[in-house]
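Visitor: The structure that follows is given in the form of structure tokens.
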Amino acid sequence: MQQLQDLTGRNILVTGVSRPGGIGAAIVRRLAEYGARVLFHGSADYDRAMGYADASRTFGTDFAETLRKEGMNVTAIAPSDLYRPGAGGELIDLAAGEAGYLDGLVLNHAYSTGSSLGQWTEEDIDRHLRVNVLASMMMIQAFAGQKPEGLRGAVTLFTSGQDLGPMTGEIPYAVSKAAEANLCRQAAAALARQNIQVNCVNRGPTDTGYLSGEAHAQVAQAFPLGKWGMPKDAARLVHFLQSEEARWITGQVISSEGGFQRG
């Protein structure tokens, strides 16, 4: 009997994969380890602009080659900017054409810049909404349109705990992520009859290398265990939601943040 966590036979697209220390890379490895054919996409240019030293334009092809050598079935999709009109739907078409079809979609991509009240610009707000919300909506629509009838589909979105406490240093990002949480609930109801479950992961503060030194230590103390969540923690929950074990869960925003205590 097939184990419920086994993903053999499933074709899953993961977005937001552009560097080894990120959540996207951990998700890709986890899903592929459990038998899924994983296609992934990212934009290293954004991560490089944000100052991540491990972001590289060759990461996708290098990462795919490494995993294939370990016996996993992975494909790197050519990088593109999800801000561009039409990019979301085109990405689904490209991935579905490569795999034959998709029955899993993990929307891990995010655009986030520090922007406090008084610093917002229309361009900055527009980019947050287009990448985090519009592109996700178009990808979900295209995903539903290509999924073969009779197969179970699973969509996993990401939020950032914006409904649990203020994020005044990055309000455009928080607003866009709140919209994604609502998108989860709306899409789950709209797609239920197509046997597509849509859920959202709030992974809380995750140690992907964006803080160091005293700031890193201060955040660690907000966790009861005194340590950050890691990319592998988020990947385990995504794996569960993409597996048959989660086929009766839909429209939920699931917090997995180790008891993080907001001050």
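Visitor: Give the aspartates and glutamates reachable from residue 232 as a straight Cα distance under 13 Å; neighbours fewer than 8 places away on the same chain don't count.
Guide: The reachable aspartates and glutamates, counting only those whose Cα sits under 13 Å from residue 232, are 33, 207, 257.
Visitor: How large is Rg/Rh for the stretch 1-136, to two decimals, with Cα atoms and a Kirkwood Rh? Spell out each step's value before the answer.
Guide: On the way: Rg = 15.8 Å, Rh = 15.6 Å.
My calculation of the ratio gives 1.01.
Visitor: Round to the nearest 10 and give me the degree value, 0 to 90, for the angle of helix 135-146's Cα axis relative to the longest principal axis of the chain.
Guide: 10 degrees
Visitor: Related question: Shape call for the chain from the C-alpha gyration tensor, a ≥ b ≥ c root eigenvalues: rounded (a/c under 1.5), prolate (a/b greater than b/c) or oblate? Walk me through the numbers before you get to the answer.
Guide: Values: a/c = 1.36, a/b = 1.32, b/c = 1.03.
Judged from the Cα gyration tensor, the chain comes out rounded (a/c under 1.5).
Visitor: Counting Lys +1, Arg +1, Asp -1, Glu -1, what net charge surrounds residue 233 among other residues with beta carbon under 15 Å of its beta carbon?
Guide: Working: positive: 29, 30, 203, 227, 232, 236; negative: 207, 257.
So the environment of residue 233 carries a net charge of +4.
Visitor: Calculate the all-directions average of the projected area of the stretch 76-217's alpha-carbon convex hull, and give it in nm².
Guide: Working: hull surface 39.1 nm².
Seen from a random direction, the Cα hull of the stretch 76-217 projects 9.8 nm² on average.
Visitor: Suppose the chain between residue 4 and residue 149 were pulled fully straight at 0.36 nm per residue; how much longer would it get relative to their current alpha carbon spacing? The partial results should precede the final answer.
Guide: Working: separation 145, 0.36 × 145 = 52.20 nm, distance 2.10 nm.
Going from the current span to full extension adds 50.1 nm.
Visitor: Using label points projected 7 Å from each Cα along Cα→Cβ, tell me how many nm separate residue 48 and residue 215, to one decimal.
Guide: 2.2 nm
Visitor: Can you send over the solvent-accessible area of residue 198, 1.4 Å probe, protein chains only, in Å² to the nearest 10?
Guide: My reading of the accessible area for residue 198 is about 0 Å².
Visitor: Between 250, 75, 66, which gets the highest mean-square fluctuation from a Gaussian network model of the chain, Cα cutoff 10 Å?
Guide: 66
Visitor: Only loop residues by DSSP count here, and only those with at most 16 other Cβ atoms within 10 Å; note down the chymotrypsin sites (Phe, Trp or Tyr not before Pro) in the stretch 104-193 that meet that. The partial results should precede the final answer.
Guide: Numbers: sites: 111, 120, 143, 158, 173; in loops: 111, 120.
Answer in residue order: 120.
Visitor: Let me ask you something else. Roughly to the nearest percent, how much of the accessible area of the chain is carbon and sulfur, given a 1.4 Å probe?
Guide: Working: 6540 of 12460 Å².
Carbon plus sulfur share of accessible area: 53 percent.
Visitor: I'd like the Karplus ³J(HN,Hα) series for the stretch 90-99: coefficients 6.51, -1.76, 1.60, θ = phi - 60°, whole numbers in Hz, and an x wherever there's a Gly or Pro.
Guide: 4, 5, 4, 4, 5, 5, 5, x, 5, 8
Visitor: Assigning unit charges at the beta carbon (Lys, Arg +1; Asp, Glu -1) and nothing else, what dipole magnitude in debye, to the nearest 20, does the chain show about its Cα centre? Mind dumping the intermediate values first?
Guide: Numbers: 23 positive and 27 negative charges, 105 e Å.
Dipole about the Cα centre, nearest 20: 500 debye.
Visitor: According to a simple spin-label model (label point 7 Å from Cα along Cα-to-Cβ), what is the distance in nm between residue 195 and residue 175?
Guide: The two pseudo-label positions are separated by 4.1 nm.
Visitor: Related question: In whole Hz, what ³J(HN,Hα) sequence does the stretch 245-262 give by Karplus (6.51, -1.76, 1.60; θ = phi - 60°), x for Gly and Pro?
Guide: Karplus values, whole Hz, x for Gly and Pro: 5, 9, 5, 9, 10, 7, x, 10, 9, 9, 8, 9, 9, x, x, 3, 10, 7.
Visitor: Take every Cα pair under 8 Å in the stretch 117-263 that's 6+ residues apart, average their separations, divide by the length, and report that relative contact order as a whole percent.
Guide: On the way: 193 pairs, mean separation 40.6, N = 147.
About 28 percent, as a whole number.
Visitor: Along the positive direction of the dipole of the chain (beta-carbon charges: Lys, Arg +1; Asp, Glu -1; about the Cα centre), which of 35, 56, 212 reaches farthest?
Guide: 35
Visitor: Exposed loop sites here are GluC sites (Glu not before Pro) in DSSP loop states with at most 15 other C-beta atoms within 10 Å. What is the longest stretch of the chain lacking them? Don't skip to the end; give the middle numbers.
Guide: Values: sites that count: 70, 149.
With a cap of 15 other Cβ atoms within 10 Å, the longest stretch comes to 150-263.
Visitor: Give me the aspartates and glutamates in straight-line cross-link reach of residue 147: C-alpha distance below 17 Å, same-chain residues under 8 apart excluded.
Guide: Residue 147 reaches 90, 93, 98, 103, 244.
Visitor: Kindly report the accessible area of the chain per residue (heavy atoms of protein chains, probe 1.4 Å, no ligands, DNA or RNA), in Å².
Guide: On the way: 12460 Å² over 263 residues.
Result: 47 Å² per residue.
Visitor: Here's a follow-up. Mind checking which of 12, 249, 196 has the largest fluctuation in a GNM of the chain, springs on alpha carbons under 10 Å?
Guide: Between 12, 249, 196, it is 249 that shows the largest mean-square fluctuation.
Visitor: Okay, next question. Dividing the Cα convex hull volume of the stretch 21-70 by residue count, how many Å³ per residue is that?
Guide: Values: hull volume 3.4 nm³, N = 50.
Output value, Cα hull per residue: 69 Å³.
Visitor: Using a 1.4 Å probe, how large is the accessible area of residue 212, given in Å² and rounded to the nearest 10?
Guide: 90 Å²
Visitor: List, in the order given, every pair from 69/227; 177/227; 69/177 whose Cα-Cα distance in the structure shown is over 28 Å.
Guide: On the way: 69/227 33 Å; 177/227 24 Å; 69/177 36 Å.
Long pairs (Cα-Cα over 28 Å): 69/227; 69/177.
Visitor: Quick one, what does Rg over Rh come out to for the stretch 157-223 if you take C-alpha atoms and the Kirkwood Rh?
Guide: Details: Rg = 15.1 Å, Rh = 13.7 Å.
Rg/Rh: 1.10.
The values are calculated or read from the model by the stated rules, or taken from the named source; none is laboratory data. Everything numeric here is computed off the predicted structure, so don't read it as measured data. Please note: Cβ atoms are built from the backbone with ideal geometry, for glycine as well, and neighbour counts cover all protein chains shown. We work out accessible area using only protein heavy atoms, side chains counted, and drop any ligands, DNA or RNA first. Shrake-Rupley method; radii C 1.70, N 1.55, O 1.52, S 1.80 Å.
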